[in-house]
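To start, the structure itself, in structure tokens.
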2 protein chains.
Amino acid sequence: MKDQVHAAARRAREAARVLALASRAKKDAALLAAADALVAATERIVEANALDVEAARAEGTPENVVDRLLLDPTRVAAFAQGVRDVAALPDPVGEVVRGSTLANGLRMQQIRVPMGVIGMIYEGRPNVTADAAAICLKAGSASLLRGSRSAARSNAVIVDVLRDAVASTGLPADAVQLVPADDRSSATHLMQARGLVDLVIPRGGAGLIRTVVEESTVPVIETGTGNVHVYVDADADLDMALDVVLNAKTHRTSVCNAAETLLVHRDVAEDFLPRVVKALHAADVTIHGDAAFRAVDDAVVEATDDDWADEYLSLDLAARVVDSLDDAVEHVRRWSSGHTEAIITRSLEASRRFTLGVDSAAVMVNASTRFTDGGELGFGAEIGISTQKLHARGPMGLPEMTTTTYVVTGEGHVR
Amino acid sequence: MKDQVHAAARRAREAARVLALASRAKKDAALLAAADALVAATERIVEANALDVEAARAEGTPENVVDRLLLDPTRVAAFAQGVRDVAALPDPVGEVVRGSTLANGLRMQQIRVPMGVIGMIYEGRPNVTADAAAICLKAGSASLLRGSRSAARSNAVIVDVLRDAVASTGLPADAVQLVPADDRSSATHLMQARGLVDLVIPRGGAGLIRTVVEESTVPVIETGTGNVHVYVDADADLDMALDVVLNAKTHRTSVCNAAETLLVHRDVAEDFLPRVVKALHAADVTIHGDAAFRAVDDAVVEATDDDWADEYLSLDLAARVVDSLDDAVEHVRRWSSGHTEAIITRSLEASRRFTLGVDSAAVMVNASTRFTDGGELGFGAEIGISTQKLHARGPMGLPEMTTTTYVVTGEGHVR
């Protein structure tokens, strides 16, 4: 398996050299051909997916996980459109990030260049396959796609369609390759192919991400785990707070920017707790609360440290009252995964202290945590949301998939 | 030792929270106090260093390595001035990297914020201690400095002086901490303190860097190994080529941006080889050459694959003739460490193909490789030269020592 993964990586490196020199027009043509081909292959993709779904159900996979695996013609059309959207975005390659003429006459430019070969290791959703391949290709990099075993049949067809479409426009098919998922070791070989793979991005649950972080020798961008907090400040507009809490928790529960913990300042607890508990219960949310929350309604279950730590990804919410903004910040610093936090407040000073105090990729002030999303923030495409501090933090678009080179030009300058 | 390193990291995290909120004025005051204190402590520093140097010589350390360890009043004054130079640089923290108001009225800003806790693992040169501490502090991060055992006495005094000076201005002394170097495991514990340390930067030889890359679970920026190439194109100005080759090889041999391999296009070999061999020999350079170079002078020794791979850091130079620019690019892609390459050419097309073809952090066109340097490029301070593609590539200044946060402000916006 190691030989197989390394051979794929070597083919990807060769393809990446061609991609690095390809014009935007050439890359966009390949992406538009790929989008058309995905739509044309809808039936093949859905059929292959049905086998994946059937196998997942036979293994007793929970329905919310099966839902993420499931493809229907609408979802295929959606990710084909996603590929078209990537084609419409500006090309990050060649952008001059900074440039100047130095005192000695040397001209210095820092220029965006492709990363090279990007490995994606991901779970469940087969739509990630088309998304990731398109974003990497537009950014001038070849992709090695290691999806989950559960989506193997869907991914095989999608990648097959993408490769044919890319090749039909004269770019190398090996710019997009599937790494076999039938053997767990293929992921390990991918993340340890240092020198052959330039970057590995894991997308999935906390377990997957931890494994990649611990075992990878290739540089990694951690994504996605979202233990997300909403803090309702003493100065909050409580109607607004109610709207945001409900939206952040219930708009979509299986996503990383959904709220998982609610913190409420003691000064507004008496007013706010009965309202928010009632509204959350009406929305079928199970509240795991501290004593103050449990005093409001017997249906609130007791929260333990596990609740503060958990990313539920379900209609569950941990909830507690805090004595101060500083206590809220301390709670977040202790338990958050550093993805997104929100504060609801009318106070400029409170928003400043919260924003500077928590140490997260995104902070929402009087807005739902669901806005931490490349599409919502206007990036046009997103390959994931980085929760690490290196290279990219928060939603990652095309520029985050590139690196830079310094080009320094002189007339025989020496030191 | 693990407990000791983790305890230091926890103290650093607390100090980093204070630094993150410190104004530029406050940080600059601490740096200026530190610079003054270093100058005032010159005698103490030089005395401690003399013990390190004595011990190194007693162990039979080669003199070129001893030279890197050696401190005298001039060198102390130089790194104290380096600390002042850092104070004079703009504060990267708080810079708005991008910002916009979205169609729905949300205001989005991506803001530079401190990294948090930065671990430095480095060899030899004790001047790195003051440099690294100053750059991290200015960027709002606490530093955990793990120097080499050989410089332990020098580093202990330097850090002691820095901590006292920082504390005297009201910032936490724990913003700068030395990690004991007497036990090899302290470096391992530092690079595996994930969650406590945000970034580890190794500076030193290839062995040190490989160890950190393989063993670290904290994100790493690889620095410094420079197997640097100069390519003399068919269209080169040969006088210029001679100047650049000599400067790149002999200006300073122990640095990462010194040339290690010379590639000469076959079309100019007959003219250029006799001249360059003569000039290099006159400068005491040992040439490890291919058959073409050996044919010029018996003193040229035979090059093996080890010579193409080696970063000599000495008056040695590998040299060969290539049939084409493409062959030069292939040689570089195969053997380079991705630090810096230079091309000497009058041809715009050759410079473009070389620049896009090699895959390195910096490419010099008609200039010495010695210009890959934060000071030379106008960054004012440099913590190292990244040879990886993630986060920072090439010379790293203050902005590269920060991360960013997205702050999104609304009026109760929900999805």
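Values in this text are rule-based calculations from the coordinates and carry no lab data. If you're wondering where the values come from, they're calculated on a predicted model, not measured in any experiment. Ideal geometry is used to build each Cβ from the backbone, glycine not excepted, and the neighbour counts take in all protein chains shown.
In chain B, the longest principal axis of the Cα atoms and the axis of helix B:325-335 are about 50 degrees apart. Which lysines, if any, have their Cα less than 23 Å from the Cα of B:Lys278, not counting same-chain residues under 8 positions apart? Within the straight-line limit of under 23 Å, B:Lys278 reaches these lysines: B:Lys249.
Would you mind telling me the antiparallel percentage of the DSSP bridges in the stretch A:62-196, rounded to 5? Write out the running numbers ahead of the final one.
Working: 5 of 13 bridges.
The answer is about 40 percent antiparallel.
Using a 7 Å projection from Cα along Cα-to-Cβ, the label point at B:Glu59 is separated from the same position in the remaining copies by 5.2 nm, smallest value first. Counting Cβ atoms of other protein chains within 10 Å of each residue's Cβ and taking the mean over peptide B:357-365 gives 5.
Both the radius of gyration and Dmax for the protein assembly as shown are 28.2, 93 Å, in that order, over alpha-carbon atoms. Among A:Ile121, B:Ile287, a tally of other beta-carbon atoms within 10 Å of each Cβ gives an order, fewest to most, of B:Ile287, A:Ile121. Looking at the protein assembly as shown, the DSSP beta bridges with both ends there are about 30 percent antiparallel.
Computed from backbone phi with θ = phi - 60° and the Karplus coefficients 6.51, -1.76 and 1.60, the 3J(HN,Hα) list for the stretch A:347-361 is 8, 4, 5, 5, 5, 5, 5, 5, 4, 6, x, 6, 10, 10, 5 Hz; x is used for glycine and proline. Amide H contacts of A:Gln192 (H built 1.01 Å from N, in plane; Pro and chain starts excluded): A:Thr217 sit under 5 Å, all sequence-distant by 5 or more or on other chains. Working from label points 7 Å from Cα in the Cα-to-Cβ sense, the A:Glu47 to A:Arg266 distance is 6.6 nm. FRET efficiency for the pair A:Thr169 and A:Ala282, taken as 1/(1 + (r/R0)^6) with r the Cβ-Cβ distance and R0 = 45 Å, rounds to 0.30. Fewest neighbouring Cβ atoms within 10 Å first, the residues A:Lys27, B:Lys26 line up as B:Lys26, A:Lys27. Based on Cα contacts under 8 Å between residues 6+ apart, chain B shows a relative contact order of 18 percent.
Counting only Cα atoms, chain A measures 70, 66, 36 Å along its principal axes, largest extent leading. The mean count of C-beta atoms from other chains within 10 Å of the C-beta of residues in B:268-276, rounded to a whole number, is 0.
Of all lysines in the structure, the ones whose alpha carbon falls short of 16 Å from that of A:Lys26, not counting any fewer than 8 places away in one chain, are A:Lys138.
One Cα centroid belongs to the stretch A:230-300, the other to the stretch B:20-96; the line between them spans 52 Å.
Derived scalar couplings between HN and Hα for the stretch B:155-169 equal 4, 4, 5, 4, 5, 4, 5, 4, 4, 4, 5, 4, 5, 5, 9 Hz in order, rounded to whole Hz, by the Karplus curve 6.51 cos²θ - 1.76 cosθ + 1.60 (θ = phi - 60°), x for Gly and Pro.
The 3J(HN,Hα) values that the Karplus relation (6.51, -1.76, 1.60; θ = phi - 60°) gives for the stretch B:385-401 are, in residue order, 10, 6, 10, 9, 9, 8, 6, 9, 9, x, x, 10, x, 4, x, 5, 8 Hz. Gly and Pro appear as x. The alpha carbon centroids of the stretch B:123-162 and the stretch A:328-391 are separated by 33 Å.
The antiparallel fraction among DSSP beta bridges confined to chain B stands at about 30%.
Note on A:Asp67 and A:Arg194: with the Förster distance fixed at 35 Å, the Cβ-Cβ geometry gives a FRET efficiency of about 0.45. Residue of chain B with the Cβ closest to the rotation axis carrying B onto A, and that distance rounded to whole Å: B:His391, 2. Sorted fewest first by neighbouring Cβ atoms within 10 angstrom, B:Asp323, A:Asp164 come out as B:Asp323, A:Asp164.
Structural descriptor for the stretch B:228-371: relative contact order 34 percent, calculated from alpha carbon pairs under 8 angstrom and at least 6 residues apart.
For the stretch A:252-267, backbone nitrogen atoms closer than 17 Å to the point 7 Å from A:Val301 Cα along Cα-to-C-beta are found at A:260-262. Here the label points at B:Glu215 and B:Ala291, each 7 Å from Cα along the C-beta direction, are separated by 4.6 nm in the simple model.
A Gaussian network model of chain B, with springs between Cα atoms under 10 Å, assigns the largest mean-square fluctuation among B:Ala175, B:Ala133, B:Ala37 to B:Ala37. Taking the helices alone, chain B has a mean residue ellipticity at 222 nm of -14000 deg cm²/dmol, built from -39,500 (n - 2.57) per DSSP H run of at least 4 residues and averaged over all its residues. Under 26 Å of direct C-alpha separation, and excluding same-chain neighbours fewer than eight residues apart, A:Lys2 reaches these lysines: B:Lys389.
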